[in-house]
Amino acid sequence: MTTALAIKNLHKVYGNGVEALKGISLSVEEGDFYALLGPNGAGKSTVIGILFSLINKTAGSVEVFGIDIDKNFPQAKKALGIVPQEFNFNMFERVFDIVVTQGGYYGLPQKLARERAENYLKELGLWEKRDSQARELSGGMKRRLMIARSLVHQPRLLVLDEPTAGVDIEMRRTMWDFLRSINAAGTTIILTTHYLDEAETLCRNIAIIDEGRIIQHSGIREFLQQLRTEKFILDLRQELPADFSPGFPCEVVDQHTLEVMVDKDQGLNALFRAISAEGLEVASMRNKSNRLEEMFVTLLADSADERADE
Amino acid sequence: MSNYEKWVAFCTILIKEVRRYLRIWPQTLLPPAITMTLYFVIFGTLIGSRIGEMGGFTYMQFVVPGLIMMSVVTNSYANLVSSFFGAKYGHSIEELLVSPTPGYVILAGFVTGSCSRGMLVALIVTTLSLMFAELQVQHLWLTLGIVLLTSILFSLFGFINAVFANNFDDISIIPTFVLTPLIYLGGVFYSLELLPDFWAGVSRLNPLVYVVNGFRYGVLGVSDVDVRFAFGMIFLFTVVAGTYSLHLLNTGKRLRQ
């Protein structure tokens, strides 16, 4: 399988002396849906900035589909598309013109750029707004406009930097479906997001950056298998007895709600047996928090401890 | 990028630039027309009639070439500095920086866009001037060459200003405190022959003297300076400014972190 992105020992020291990246290495396979996660200021945007030539790297190498950006950046750029975190189009331009113009910057003939612009604006539900100035769009529409713009030259690798920030739930799900469809059609996607449910739902592989270092780089499934315990919230049809003890660490939230911590080795059958033995019926059950979120928080805490020990 | 793709990218930038200044024509094309008409009325008709001849021409005929060049200089400069700084300030310049378009194509697109505004304003002002003075161009190709080269030069200066500007104040400082005094002292309204030797010598350090006199020679056939030298100086400045602008774009100074 072709490697879409190979980053080796990437360093970045800004002019003010801040070392944003401390030797990051990662690789993303073609066709992957990849999550690049990390807390604010971890270095995610610096990695993306270097990838798109908005930030000059200090050391290390970056290859896009085997093309070294130091040797042939224009060729590498043709394979890249970006949806940045901040809106970066001219707010006074028409929606249609923004997308067509971007096609022109990639050398697309006007006719082809217009066809593709129409296609993507329709797919993203913006066709009706094609003659509006960008400033007249809602926040969610502006995000979708950036996605349409990033796709006009049909990049093989699309990088989305928090594409659903500030987007309502319904629109988020529509965008997820759209991203899944272009990934299924062959576009490799790298996603950074603070919504970890989004990463868990969409992505197959993951890298977590903290303080300029990669602290996790694996498949999401393998990563989640490291989760030792999970917290579940059970809604019960009957009132809980005062002395209820199912044999698991638990906390009574109210008379009908129980919060239970289940060890990975224990399984859930034993829990349900204990509850049934008390004559209780479970109406519904859910994770207390997103599993990826739990792992993410644990990992960052461990990373902070390691740094403190050093 | 193939040459065809580069050509498409160049045309895209150019069309975007032209569309931008045409969209806001009351701010870009109308003011020079009004300002220059006032100059023609006040300096040419009202005051000029009392001044008499200068360099063998009526005062109105004498000042027209300088006023046309003044429009070209200020509009070429203003177009690129405002357009590029606006794109930098609003981050829309990133659309171009992330694309494979080479730096020289980006620069050529922006400069050609600014030149087109400079030339369009020159055409408007020249047309208006014909209502006030009779002009017969003496050296057509030299006139066109000077006006084109001047427009390129001041577009490049505008680009350099935009790259280094941090805020909107920074893009008005140079036009207000450097460009305008140089234009006014560049022989637009008077001949250097009227100045004492010392000040005439000092004036020759002003690049606008060569721009104005080169153009005046093309139109009227008279000049205070050697026209070949004037053309050579404008050409030299253009090459230096162009090379430096390209260096700024390619290294990403003040554009990339």
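Please verify whether B:Leu192 is farther than 24 Å from B:Leu96 by Cα and at pLDDT 90 or above, treating the condition exactly as stated. Steps first, answer last, please.
On the way: farther than 24 Å from B:Leu96 by Cα: yes; at pLDDT 90 or above: no.
No; evaluated as a whole, the condition is false for this residue.
Only residues that are facing another protein chain (nearest Cβ under 7 Å) and within 25 Å of A:Leu191 (Cα to Cα): list them for the range A:102-116, please.
Within the range A:102-116, A:Gln102, A:Tyr105, A:Tyr106 meet the criteria.
For the range A:262-281, how many residues meet the condition of being in a strand (DSSP E or B) and surrounded by 15 or more Cβ atoms within 10 Å (Cβ to Cβ)?
Looking only at the range A:262-281, we keep the residues that are in a strand (DSSP E or B), and these are A:262-263.
Filter once more, so that each one left must be surrounded by 15 or more Cβ atoms within 10 Å (Cβ to Cβ): A:262.
Of the residues in that region, 1 qualify.
Out of (1) within 26 Å of the chain's Cα centre (by Cα); (2) without any contact (Cβ under 8 Å) to a residue 40 or more places away in the chain; (3) open to solvent by 10 Å² or more (accessible area, probe 1.4 Å), what's the single condition that is false for A:Ser132?
(1)
From the list A:Ser218, A:Ser245, exactly one residue is of a type in the set (Ser, Thr, Tyr) and in a loop (DSSP other than H, G, I, E, B). Which is it?
The match here is A:Ser245.
Step by step: first the residues of the range B:1-56, then only those that are open to solvent by 80 Å² or more (accessible area, probe 1.4 Å) and of a type in the set (Phe, Trp, Tyr), then the one that is farthest from the other protein chains (Cβ to nearest Cβ). Which residue is that?
Step by step, filter the range B:1-56, then rank; the result is B:Trp25.
Residues of the range A:173-186 being surrounded by 15 or more Cβ atoms within 10 Å (Cβ to Cβ) and within 24 Å of A:Glu222 (Cβ to Cβ), which ones?
Scanning the range A:173-186 gives A:Trp176, A:Leu179, A:Asn183.
Answer yes if at least one residue in the range B:86-101 is open to solvent by less than 50 Å² (accessible area, probe 1.4 Å), within 14 Å of another protein chain (Cβ to nearest Cβ), touching a residue at least 12 places away in the same chain (Cβ under 8 Å) and of a type in the set (Val, Ile, Thr), and no otherwise.
yes
Take A:Ala185 and decide whether it is at pLDDT below 95 and under 30 Å from A:Arg286 (Cβ atoms).
Answer is no for this residue.
Tell me, please, whether a residue that is away from chain A (no Cβ under 14 Å), under 13 Å from the mean Cα position of the chain (by Cα) and of a type in the set (Lys, Arg) can be found in the range B:111-130.
The answer is yes; a qualifying residue exists.
Out of everything in the range B:113-160 that is outside any helix (DSSP H, G or I) and open to solvent by less than 40 Å² (accessible area, probe 1.4 Å), what residue ends up being farthest from B:Pro31 (Cα to Cα)?
Our first condition is that a residue be outside any helix (DSSP H, G or I); within the range B:113-160, this holds for B:130-139.
With open to solvent by less than 40 Å² (accessible area, probe 1.4 Å) added as a condition, the list becomes B:133, B:135.
Details: B:Ala133: 21, B:Leu135: 23 Å.
Applying the filter and picking the extreme gives B:Leu135.
Among what's in the range A:234-243 and is in contact (Cβ under 8 Å) with a residue 24 or more places away in the chain and surrounded by fewer than 16 Cβ atoms within 10 Å (Cβ to Cβ), pick the residue that is nearest to A:Glu294 (Cα to Cα).
A:Asp235
May I ask you to list the residues in the range B:45-75 that are closer than 17 Å to B:Gln136 by Cα and in a helix (DSSP H, G or I)?
Across the range B:45-75, the qualifying residues are B:Tyr59, B:Met60, B:Gln61, B:Phe62, B:Val63, B:Val64, B:Pro65, B:Gly66, B:Leu67, B:Ile68, B:Met69.
From A:Lys71, A:Lys77, grab the single residue that is modelled with pLDDT under 90 and either not acidic (Asp, Glu) or not assigned by TED's automatic domain parsing to the domain that holds A:Arg173 (or both).
Working: A:Lys77 fails: modelled with pLDDT under 90.
The match here is A:Lys71.
Which residue out of A:Leu160, A:Leu126 is open to solvent by less than 10 Å² (accessible area, probe 1.4 Å), more than 11 Å from every other protein chain (Cβ to nearest Cβ), touching a residue at least 40 places away in the same chain (Cβ under 8 Å) and not hydroxyl-bearing (Ser, Thr, Tyr)?
So the residue among A:Leu160, A:Leu126 that is open to solvent by less than 10 Å² (accessible area, probe 1.4 Å), more than 11 Å from every other protein chain (Cβ to nearest Cβ), touching a residue at least 40 places away in the same chain (Cβ under 8 Å) and not hydroxyl-bearing (Ser, Thr, Tyr) is A:Leu160.
Give me the residue from the range A:221-239 that is part of a loop (DSSP other than H, G, I, E, B) and modelled with pLDDT under 80 and, out of that set, farthest from A:Thr174 (Cα to Cα).
Within the range A:221-239, the match that is farthest from A:Thr174 (Cα to Cα) is A:Arg228.
Yes or no, residue by residue, for (1) at pLDDT below 90; (2) part of a helix (DSSP H, G or I); (3) open to solvent by 10 Å² or more (accessible area, probe 1.4 Å); (4) closer than 20 Å to A:Glu86 by Cα:
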{"position": "A:Arg116", "(1), (2), (3), (4)": "no, yes, yes, no"}
{"position": "A:Lys122", "(1), (2), (3), (4)": "no, yes, yes, no"}
{"position": "A:Arg144", "(1), (2), (3), (4)": "no, yes, yes, yes"}
{"position": "A:Ala148", "(1), (2), (3), (4)": "no, yes, no, yes"}
{"position": "A:Val167", "(1), (2), (3), (4)": "yes, no, yes, yes"}
{"position": "A:Glu200", "(1), (2), (3), (4)": "yes, yes, yes, no"}
{"position": "A:Ile206", "(1), (2), (3), (4)": "yes, no, no, no"}
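The values are calculated or read from the model by the stated rules, or taken from the named source; none is laboratory data. Worth saying up front: this structure is predicted, and the values here are computed from it rather than measured. Cβ coordinates were reconstructed from backbone atoms using ideal geometry, including for glycine residues, and neighbour counts include every protein chain displayed. Just so you know, the surface numbers come from the protein's heavy atoms only, side chains and all, with ligands and any DNA or RNA stripped out. Shrake-Rupley method; radii C 1.70, N 1.55, O 1.52, S 1.80 Å.
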